[in-house]
Amino acid sequence: MIQLAVLLGFVLAAASPLLHRWCGDRTSSVLALFPALLAVWLLLQAPTVVADGAMLLEWAWVPSLSISLSFLLDGLSLLFGLLITGIGACVLVYAGEYLKGHPDLPRFHIALMAFMASMLGLVMADGLLTLFVFWELTSITSYLLIGFNHSDVEARKSARQGLFVTVGGGLALMAGLTLLGVVSGSWSLHEIGELDIDLREHALYTPMLICLLLGAFTKSAQFPFHFWLPNAMAAPTPVSAYLHSATMVKAGIYLLARLQPELGGTELWVNTLTLVGGVTMFTGAFMAIQFTNIKKLLAYSTIMALGTLTLLLGIGTQGAIVAFVGFLLAHSLYKGALFMVAGILDHETGTKDVTVMGGLRPLMPITAGVALLAALSLAGVPPLLGFIGKELMFESVLGASRFRGFLIVLAFAAAFLMIAVAAVVALRPFYGKRHQTPRVPHEAPLAMLIGPALLAGLSLILGVAPSLLTGLVSSTVSAVVGEPVEAYLSLWHGVNLPLVMSVVSLGLGYWLFRHWDRVRGKLLLLAPIMRNGPEAGYEAIMAAFVRFSEWQTRLLQNGYMRNYILVMLLTLIGLVGTSLLVRHSPIIAFEFDVRFHEAVVVGTMAMGALFAAIARSRLGAVVSVGAMGFSIAMIFILFSAPDLGITQLLVETLTVILLVLVLFRLPRFSNLSTSLERIRDGLVAATVGILICLLILTAWSIQQFEPISGYMVENSVPLGHGLNIVNVILVDYRALDTLGEMFVLALAAIGVIAMLKLRHDASPPSVTEGKKTAAKEPYDG
Amino acid sequence: MEPLMAIGIGLLYATAIFLMLRRSIVKLVIGLMLLSNAANLLIFTTAGMTRGAPPLIPKGMTAPIGEVADPLPQAVVLTAIVIAFGVLAFAVVLIRRAYEIVKADDLDKMKDTDT
């Protein structure tokens with residue numbers, strides 16, 4: 001069922017341009033039906049999942065490679081599935097209005113629907129390789145969506161950056177998943193969960209974990225890979241709301257949560273996750289307050305949230321996991337809503353800069369209300385869901401076993417910075433003095449309000465009545481902890497340290513909001529340091545790549561044919577020569593069983609070749625080549641190959657005639673190389689010659705398989721009805737080869753005629769026509 | 001016989017490669033001819049060389065008398081000889097044509113697609 005739904009998502013993506021032709025501007029809303037229905041279906045499954053634990057929906061895909069399209073529906077994937085489909089429906093309706101009349105709307109739908117299907121597949125996949133395939137698909141669709149406005153240089157650059165970082169991490173992830181599959185002996189997540197062996201004890205645990213963490217950290221924009229996420233804001237706002245806050249960037253978090261029961265809890269896991277998460281949390285919050293661009297502000301606050309989630313997984317106590325689930329849900333709801341509000345503001349005022357907005361509340365009261373509600377959740381003010389998330393987060397950090405003091409400072413700082421951000425987003429544009437904006441703002445149309453209002457409303461409803469979530473939270477926490485546990489969220493925890501911290505941070509956050517403009521001015525002094533952040537490292541690496549490929553292209557693809565040949569020959573000498581010397585010492589069987597006339601023939605051949613190489617005139621070279629060719633014909637005849645001898649004689653005769661006829665139209669021999677070059681070429685040529693000589697001697701003394709020609713000899717008369725076995729092979733056993741050969745000859749003949757005849761100036765017809773008919777003759781005999 | 005042939009073929013390869021590394025375009029073609037002959041002989045020799053026992057079946061019989069030379073490499077080489085000739089004819093005419101247009105026999109001067 002769910003597999004079909006995911007596949008249907010891809011089908012819808014492909015069919016959406018067609019749908020656009022029929023439905024026009026309503027396409028988005030029609031497409032939104034798909035995630036909406038899917039969300040309802042997932043909600044209907046929820047009681048079963050909560051009661052029975054995981055549901056496994058099996059579907060073999062490539063059984064021979066143990067790749068399955070089996071899906072696993074447990075609390076964790078159900079939670080993510082609900083977020084993806086629910087927010088997806090809101091975003092689609094919103095996007096239909098936001099991008100109304102955009103000429104590339106069909107292209108947007110393709111990428112967004114494909115993303116939705118991939119993301120669903122990612123969180124539901126049971127097979128490790130299936131998970132990886134969907135993981136990469138989300139990276140690619142994200143790339144297409146960030147670069148949606150591809151005429152914009154910045155958008156293209158940001159899209160490429162996001163792709164490089166996430167796909168680079170994807171490579172590490174592939175290595176990590178492969179290691180996981182090899183170490184555990186199973187390629188399915190639910191089987192790995194039921195294993196008896198402890199993967200943490202395995203010798204390969206550390207490299208495996210590092211690879212997996214690299215994949216997760218790049219995808220979820222953890223420090224120092226966080227820089228791609230703010231740049232990804234070049235995407236249209238619905239994309240930012242959906243991919244880059246609510247869903248895709250949480251894929252890494254999802255993976256970590258998924259692996260927590262099997263791989264979590266070790267010293268390496270706890271230290272890395274808490275430190276990286278803590279630093280990311282603070283970096284995100286600290287960077288956020290420096291920007292006046294509302295999307296950048298929100299992007300950095302998303303980084304803060306992603307860091308918090310990683311931190312909570314690192315702490316890993318049951319309380320921390322409950323906090324993780326609460327925070328995840330709360331963040332997706334309020335951040336999705338806030339991004340859509342940001343899109344409304346941008347759409348209505350024509351600017352993204354919050355400092356030039358102000359006094360908009362009378363003009364757009366509903367938007368202001370939605371923004372306030374969502375921002376209160378972001379700030380963690382009761383009775384919103386964000387408050388529960390923040391309380392639990394403080395509680396978990398206070399209970400952390402490692403780096404406790406450090407983490408408390410970071411968490412507190414991040415919290416009050418976030419409150420300032422929330423205030424900036426919710427108050428600055430709507431209150432205070434009215435500014436002149438590029439566009440005259442109006443209240444947003446209904447389609448753009450439904451989504452954010454729904455999400456903000458849910459933040460409030462679920463905050464007031466968190467008991468609605470008990471089942472989902474329990475089964476999600478069970479999935480992350482790895483054993484069935486009871487968990488619930490509650491709004492009021494009594495007067496305790498977290499509450500005190502909340503109140504103090506609210507006060508500090510409000511103070512920061514009042515003095516935001518001044519603080520921002522001070523922070524500008526840090527700009528030189530900021531410029532040398534991780535992004536500078538990324539730029540340096542990319543520049544080095546470009547320089548390297550320029551250098552090696554100039555070296556290898558330099559347009560000089562003999563350099564290409566030289567490179568190939570040196571490679572041949574290196575590879576074949578080494579393996580020949582290492583694997584087989586050349587066995588030289590000195591059975592010098594040579595008769596005098598044979599030696600004379602071979603000697604003539606060798607002389608012919610040598611003179612051809614050093615001849616000073618064209619005619620001399622042709623004569624030498626002819627002598628060599630006729631000697632070879634003699635060798636064929638002497639050693640039991642009359643057919644070859646006859647063919648060689650004919651072809652050699654034709655070749656000499658051809659050369660002599662064309663020769664006077666060809667350039668004279670000229671000496672173009674220096675003697676140093678000639679010595680170098682001579683050395684290379686001699687080395688290859690010696691190598692070939694040794695190769696023949698070695699190959700001749702090794703017989704690996706029985707020749708297959710025995711069958712051909714036996715059946716030449718009974719099956720082929722021919723007495724000349726070579727001819728039977730050519731026209732019978734290997735008739736297709738001969739057919740191919742005739743095609744080659746025909747093509748060569750057509751080419752020759754075309755080059756000689758098809759021209760503007762008339763020139764005498766040439767020698768070639770006679771050639772190809774003659775060349776085929778040997779077969780008749 | 002094979003050791004002698006091995007030396008001869010090695011020499012053929014060496015001369016062919018030396019000629020193919022020249023800048024003069026005619027030498028390149030002659031190198032190409034030597035190379036195809038060398039490759040044919042290589043296949044022929046590595047299959048083992050047999051004196052005076054061609055793979056023919058006397059009239060009225062269904063199998064050759066005694067041991068005969070392996071017919072398969074011969075068939076393969078036969079195909080190769082003819083194809084090499086086709087390639088050579090094409091290459092020679094191509095060079096003639098290129099020389100007519102470019103008026104250069106130096107490969108280094110034939111780097112551009114523009115004339």
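The values are calculated or read from the model by the stated rules, or taken from the named source; none is laboratory data. In this text, all values refer to a predicted model and were calculated from it rather than measured experimentally. Neighbour counts run over all protein chains shown; Cβ positions are idealised from the backbone, glycine included. These area figures cover heavy atoms from the full protein model, side chains too; ligands, DNA and RNA do not enter into them. Shrake-Rupley method; radii C 1.70, N 1.55, O 1.52, S 1.80 Å.
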Which members of segment A:685-710 meet the condition of being within 15 Å of A:Leu569 (Cβ to Cβ) and either open to solvent by 90 Å² or more (accessible area, probe 1.4 Å) or more than 7 Å from chain B (Cβ to nearest Cβ) (or both)?
-> A:Thr687, A:Ile690, A:Leu691, A:Leu695
Selection count where residues are facing another protein chain (nearest Cβ under 7 Å), assigned to a loop (DSSP other than H, G, I, E, B) and out of contact with any strand residue (DSSP E or B) (no Cβ under 9 Å at 6 or more places or on another chain), scope segment B:62-101 = 4
Subset of segment A:205-226 that is among the aromatic types (Phe, Trp, Tyr) and open to solvent by less than 20 Å² (accessible area, probe 1.4 Å) - its residue that is nearest to A:Ile146 (Cα to Cα) | A:Phe217
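Give segment A:711-721 a look and list any residue that's at the interface with chain B (Cβ under 8 Å from one of its Cβ atoms) and surrounded by fewer than 17 Cβ atoms within 10 Å (Cβ to Cβ), or say none.
A:Glu714, A:Pro718, listed by residue number.
Given the residues A:Met418, A:Met393, which is the only one that is open to solvent by less than 50 Å² (accessible area, probe 1.4 Å) and within 27 Å of A:Thr351 (Cβ to Cβ)? Outline the logic, then answer.
Numbers: A:Met393 fails: within 27 Å of A:Thr351 (Cβ to Cβ).
The conditions single out A:Met418.
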What do you reckon, is B:Leu56 under 13 Å from the mean Cα position of the chain (by Cα) and either modelled with pLDDT of 85 or more or over 30 Å from A:Leu663 (Cα atoms) (or both)?
-> no
So which residues in segment A:722-737 are out of contact with any strand residue (DSSP E or B) (no Cβ under 8 Å at 6 or more places or on another chain), facing chain B (nearest Cβ under 7 Å) and buried (at least 18 other Cβ atoms within 10 Å of the Cβ), if there are any at all?
-> A:Val726, A:Ile729, A:Leu730, A:Arg734
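Okay, residues lined up against (1) under 21 Å from A:Ile321 (Cβ atoms); (2) open to solvent by 40 Å² or more (accessible area, probe 1.4 Å); (3) in a loop (DSSP other than H, G, I, E, B); (4) modelled with pLDDT of 80 or more:
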{"position": "A:Gln436", "(1), (2), (3), (4)": "no, yes, yes, no"}
{"position": "A:Leu449", "(1), (2), (3), (4)": "no, no, no, yes"}
{"position": "A:Leu454", "(1), (2), (3), (4)": "no, yes, no, yes"}
{"position": "A:Ser474", "(1), (2), (3), (4)": "yes, no, no, yes"}
{"position": "A:Val477", "(1), (2), (3), (4)": "yes, no, no, yes"}
{"position": "A:Ala487", "(1), (2), (3), (4)": "yes, no, yes, yes"}
{"position": "A:Leu491", "(1), (2), (3), (4)": "yes, yes, yes, no"}
{"position": "A:Val500", "(1), (2), (3), (4)": "no, yes, no, yes"}
Which members of segment B:63-115 meet the condition of being in contact with a helix residue (DSSP H, G or I) (Cβ under 8 Å, 6 or more places away or on another chain), of a type in the set (Asp, Glu) and touching a residue at least 40 places away in the same chain (Cβ under 8 Å)?
-> B:Asp105, B:Asp106
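Residue-by-condition table, conditions (1) of a type outside the set (A, V, I, L, M); (2) assigned to a helix (DSSP H, G or I); (3) at pLDDT 90 or above; (4) open to solvent by 10 Å² or more (accessible area, probe 1.4 Å):
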residue	(1), (2), (3), (4)
A:Thr310	yes, yes, yes, no
A:Ile321	no, yes, yes, no
A:Phe324	yes, yes, yes, no
A:Val381	no, no, no, yes
A:Arg402	yes, no, no, yes
Residues located in segment A:139-164, provided they are crowded, with 24+ Cβ neighbours inside 10 Å and either aromatic (Phe, Trp, Tyr) or touching a Phe, Trp or Tyr at 6+ places or on another chain (Cβ under 6 Å) (or both) | A:Thr141, A:Ala159, A:Gly162
Taking segment A:627-678 on its own, how many of its residues are touching a Ser or Thr at 6+ places or on another chain (Cβ under 8 Å), more than 7 Å from chain B (Cβ to nearest Cβ) and under 16 Å from B:Ala80 (Cα atoms)?
-> 0
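So that you can scan it fast, the table gives a plain yes or no per residue for (1) hydrophobic (A, V, I, L, M, F, W, C); (2) touching a residue at least 24 places away in the same chain (Cβ under 8 Å); (3) open to solvent by 70 Å² or more (accessible area, probe 1.4 Å):
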position: A:Gly509; (1), (2), (3): no, yes, no
position: A:Arg520; (1), (2), (3): no, yes, no
position: A:Asn532; (1), (2), (3): no, no, yes
position: A:Ala543; (1), (2), (3): yes, no, no
position: A:Val546; (1), (2), (3): yes, no, yes
position: A:Glu550; (1), (2), (3): no, no, yes
position: A:Thr553; (1), (2), (3): no, no, no
position: A:Ile565; (1), (2), (3): yes, no, no
position: A:Met568; (1), (2), (3): yes, no, yes
Go through segment A:234-250 residue by residue and tally those that are assigned to a helix (DSSP H, G or I), aliphatic (A, V, I, L, M) and within 19 Å of A:Gln161 (Cβ to Cβ).
-> 5
Would it be correct to say that B:Met33 is touching a residue at least 40 places away in the same chain (Cβ under 8 Å), assigned to a loop (DSSP other than H, G, I, E, B) and within 7 Å of another protein chain (Cβ to nearest Cβ)?
-> no
Scope segment A:641-662; condition closer than 26 Å to A:Met755 by Cα and surrounded by 21 or more Cβ atoms within 10 Å (Cβ to Cβ); matching residues = A:Val651, A:Glu652, A:Thr655, A:Leu658, A:Leu659
Can you tell which of A:Ala609, A:Ala621, A:Ala599 is touching a residue at least 12 places away in the same chain (Cβ under 8 Å) and over 27 Å from B:Lys109 (Cα atoms)?
-> A:Ala609
When A:Leu572 is run through (1) open to solvent by 50 Å² or more (accessible area, probe 1.4 Å); (2) out of contact with any Asp or Glu (no Cβ under 8 Å at 6 or more places or on another chain); (3) free of Cβ contacts under 8 Å to residues at least 24 places away in the same chain; (4) closer than 30 Å to B:Ser24 by Cα, the failure sits at (3)
Quick one: which of B:Ala89, B:Ala47, B:Ala38, B:Ala75 is surrounded by 19 or more Cβ atoms within 10 Å (Cβ to Cβ) and touching a Phe, Trp or Tyr at 6+ places or on another chain (Cβ under 6 Å)?
-> B:Ala38
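Kindly provide the set of residues from segment A:283-294 that are surrounded by fewer than 24 Cβ atoms within 10 Å (Cβ to Cβ) and either of a type outside the set (Val, Ile, Thr) or closer than 19 Å to A:Arg428 by Cβ (or both), ordered by number. Break it down stepwise before answering.
Initial filter on segment A:283-294 (surrounded by fewer than 24 Cβ atoms within 10 Å (Cβ to Cβ)): A:283, A:286-287, A:289-293.
Those that are surrounded by fewer than 24 Cβ atoms within 10 Å (Cβ to Cβ) and either of a type outside the set (Val, Ile, Thr) or closer than 19 Å to A:Arg428 by Cβ (or both): A:Phe286, A:Met287, A:Ile289, A:Gln290, A:Phe291, A:Thr292, A:Asn293.
For segment A:607-622: of the residues being part of a helix (DSSP H, G or I), aliphatic (A, V, I, L, M) and farther than 15 Å from A:Ala633 by Cβ, which is farthest from the other protein chains (Cβ to nearest Cβ)? It would help to see each step written out before you state the result.
Of all residues in segment A:607-622, those part of a helix (DSSP H, G or I) come to A:607-614, A:618-622.
Then drop every residue that is not aliphatic (A, V, I, L, M), which leaves A:607, A:609-610, A:612-614, A:619, A:621-622.
Next, from what is left, pick out any that are farther than 15 Å from A:Ala633 by Cβ: A:607, A:610, A:612-614, A:619, A:621-622.
Values: A:Met607: 10, A:Leu610: 6, A:Ala612: 6, A:Ala613: 4, A:Ile614: 9, A:Leu619: 11, A:Ala621: 5, A:Val622: 8 Å.
Checked segment A:607-622; the qualifying residue farthest from the other protein chains (Cβ to nearest Cβ) is A:Leu619.
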Test B:Lys59 against the criterion of being over 20 Å from A:Ile637 (Cα atoms), part of a loop (DSSP other than H, G, I, E, B) and either facing chain A (nearest Cβ under 7 Å) or not hydrophobic (A, V, I, L, M, F, W, C) (or both), and give yes or no.
-> yes
